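This report concerns only the one structure given below.
The values are calculated or read from the model by the stated rules, or taken from the named source; none is laboratory data. Because the structure is a prediction, the values reported are computed rather than measured. So basically every Cβ, Gly included, is an ideal-geometry build from the backbone, and we count neighbours across all protein chains shown. With ligands, DNA and RNA removed, areas are computed over all heavy atoms of the protein, side chains included. Shrake-Rupley method; radii C 1.70, N 1.55, O 1.52, S 1.80 Å.
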Amino acid sequence: MSGAREEVLARLRAARDAGAPRGGVPPVPREYHRSGSLEPGGREVLDLLVERVEDYRARVLRAGTADEVAAAVARCLDEAGSRRFVVPADFAQEWRPRIGERELVEEHPSAPLAVPELDALDAVVTGSSVAIALTGTIVLAGGGPGQGRRALTLVPDHHVCVVRASDVVETVPEALARLDPSVPLTFISGPSATSDIELDRVEGVHGPRRLDVVVLG
């Protein structure tokens, strides 16, 4: 057995030495497009984001002011029947809907809610870090402003997410350039969904089965 092991290792070393240039690993070619043709936050890129997000069976509402954001969030919650909802403690006050008959829960980093507590809530409302128009993807950075920790947006069945127009870019490379790879990142492309071998679609398996996006700007 040790002889076979040594032979395999010897072949690997020989292949490594034969293929590696002197001085180390060769540079990785990056010939793909690093930026898009649409202006970040512009009308065209926002329209493209809305189109792609809706293709994923998510709903998009547009808002021009903070007051309109709060009203849109309230509408999303009410139409879904989501009465008990959670927000990160640093979620913008001006984006929060009037409580009324709803119950608001704040999650503080020092006192995270347990999974059963999150599961008992109807919805979660957060902000976002960046949105990718070309793929209809919204990215949340764990611990980012108004975004909370990753588990916060994976357990409740309904997610209402606010996206600033200034955070919308056209392509994935543009989005990655704005993100910190050292923190947990959640990429959201529509409600959670999967299909079995017969291609029967099932929603809500790996996260919220309902996604509402409020675009500010």
*If you go through region 142-165 one residue at a time, how many are more than 10 Å from the chain's Cα centre (by Cα), surrounded by 22 or more Cβ atoms within 10 Å (Cβ to Cβ) and either over 23 Å from Pro181 (Cα atoms) or of a type in the set (Val, Ile, Thr) (or both)?*
6
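With a cut-off of at least 3 residues that are out of contact with any helix residue (DSSP H, G or I) (no Cβ under 9 Å at 6 or more places or on another chain), name the strands (runs of 3 or more DSSP E) lying wholly within region 107-217.
Values: elements: 123-126, 130-132, 137-141, 158-164, 185-188, 193-195, 201-203, 210-216.
The strands (runs of 3 or more DSSP E) meeting that bar are 193-195, 201-203.
Considering only region 186-194, I want to know if a residue exists there that is over 21 Å from Thr135 (Cα atoms) and loosely packed, with under 13 Cβ neighbours inside 10 Å.
Here is the first cut: in region 186-194, the ones over 21 Å from Thr135 (Cα atoms) are none.
No, that holds for no residue.
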*Taking region 122-141 as the region of interest, how many residues are farther than 19 Å from Asp180 by Cα, free of Cβ contacts under 8 Å to residues at least 60 places away in the same chain and open to solvent by 10 Å² or more (accessible area, probe 1.4 Å)?*
1
*Please identify the pairs in which a residue from region 176-190 that is under 25 Å from Asp55 (Cα atoms) has its Cβ atom under 6 Å from the Cβ atom of a residue that is open to solvent by less than 90 Å² (accessible area, probe 1.4 Å) and of a type in the set (D, E, K, R), counting only partners at least 6 apart or on another chain.*
none
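Has region 28-38 got any residue that is among the hydroxyl-bearing types (Ser, Thr, Tyr) and over 28 Å from Gly142 (Cβ atoms)? Working first, answer last.
As a first pass, look at region 28-38 and keep what is among the hydroxyl-bearing types (Ser, Thr, Tyr): 32, 35, 37.
Still in the list and also over 28 Å from Gly142 (Cβ atoms): 37.
Yes; the residues of region 28-38 include at least one that is among the hydroxyl-bearing types (Ser, Thr, Tyr) and over 28 Å from Gly142 (Cβ atoms).
Output the residues belonging to region 27-59 that are among the hydrophobic types (A, V, I, L, M, F, W, C) and open to solvent by 70 Å² or more (accessible area, probe 1.4 Å).
Let us first name the residues in region 27-59 that are among the hydrophobic types (A, V, I, L, M, F, W, C), namely 28, 38, 45-46, 48-50, 53, 58.
Result: Val28, single match.
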